[in-house]
1. Rounded to the nearest 20 Debye, what is the dipole magnitude of the chain about its Cα centre when Lys and Arg each give +1 and Asp and Glu each give -1 at the C-beta?
2. From the cross-link list K2/K89; K90/K263; K106/K153; K24/K64, which pairs have alpha carbons spaced over 22 Å apart?
3. Given the options A248, A114, A179, state which has the largest fluctuation in a GNM of the chain using a 10 Å cut-off (strictly under) for Cα springs.
4. What number comes out for accessible area per residue over the range 149-268 if the probe is 1.4 Å? Units Å², please.
5. Starting from the Cα-Cα distance between S66 and T48, subtract it from 0.36 nm times their residue separation and give me the gain in nm to one decimal.
6. What is the local net charge at G207, summed over the other residues whose Cβ is closer than 14 Å to its Cβ (Lys, Arg +1; Asp, Glu -1)?
7. Report the charge-dipole magnitude of the range 198-278 in Debye, nearest 20, computed about the Cα centre from +1 at each Lys and Arg Cβ and -1 at each Asp and Glu Cβ.
8. Could you pull out every residue, at least 5 positions away or on a different chain, whose amide H is within less than 5 Å of the one on T259? Hs are placed 1.01 Å off N in the peptide plane, and Pro or chain starts have none.
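The values are calculated or read from the model by the stated rules, or taken from the named source; none is laboratory data. Everything quoted here is computed from the prediction, not taken from an experiment. Note: ideal-geometry Cβ built from the backbone for every residue, glycine included; neighbour counts use all protein chains shown. Just the protein is used for accessible areas: all its heavy atoms, side chains included, with ligands, DNA and RNA removed. Shrake-Rupley method; radii C 1.70, N 1.55, O 1.52, S 1.80 Å.
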Amino acid sequence: MKLAVIGHPVSQSLSPLMQKHWLKQHGLNHTYDLCDVSGDALSSFLETIRQEDWLGFNVTIPHKESILPFLDRLAPQARRIGAVNTVLKKDGQLIGYNTDGLGFLKPLLERYEAVFHRPVLLIGAGGAARAILAALLTTHTPLVMVYNRTAEKAAGLVQSLGSGRATILRQDDVQDAVAAAGLIINATSCGMAGYDPLDIDLASASGDVVVYDIVYKPLNTPLLAQANSRGLQIIDGLDMLIHQGAQAFKIWTGRDADTVGVKDMLCSAIGEGCEVEP
Ligand code: ATR
């Protein structure tokens, strides 16, 4: 059966490499392709998927939100986030899931579960930040402090996910939040190749803070380089990418994807060493 990632542009996606690796490991004969589908072509492409022998697909920029009206059902987390990154075709129905949140949480649950006992500083208020905030609110995290360049977007995010455990920060309060946080997350585009670095000074951060950057091009962002130079614990964007992919694989096949070794494979593909990992 067919699997794919659909997006526009999509040629840089690492998902085919990762998913084909797991399909091969499990001896499954499904195919996994890159499908460049523009916004105008989305509706007709989904009709083709309904007619043909598809198992499911990943959804990436710019369709994560615009695909919602075309689907038959949404899993609860996808509905809450208002975005879909994984679709399962089952009994002729297209069911939307969002595995970004769990993909984000997994590396923390595996390595740094203690962070959920302390306040979190979340920087950003776009689609990625939304999935992350929803995921954090499923944990015991006492407080998520959200800061975004455009304050209204942070307010909208906190309001729509509705919880007394999330608050917005003014720029003047960000440095205090750095000092108070057990986990600092960059969920903005800052640090990505071609973008400004994130303007955060980690000097006041506590020694056991975890700094998590969801950007993976480059892997060693200026934020993670700063964290590394201060001897802080870090998680990079490939970890989240791999774990959201593993969750999608599980939804399609019912099988557990082995994430060991996948990071080295992706690092080679993007031409970077994995030396940012402690
Ligand atoms: P994604 O789906 O990857 O989250 P997005 O929805 O476009 O992408 O969100 C991008 C995020 O990066 C936003 O929080 C954006 O801040 P604004 O809401 O103020 O636009 C943030 N961002 C992008 N460039 C930035 C920059 N130069 N400085 C600070 N924040 C930036």
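1. Taking the Cα centre of the chain as origin, the dipole is about 720 debye.
2. With Cα atoms farther than 22 Å apart: K90/K263; K106/K153; K24/K64.
3. A114
4. On a per-residue basis, 44 Å².
5. Gain on stretching S66 to T48: 4.7 nm.
6. +1
7. With Lys and Arg at +1 and Asp and Glu at -1, about 240 debye.
8. none
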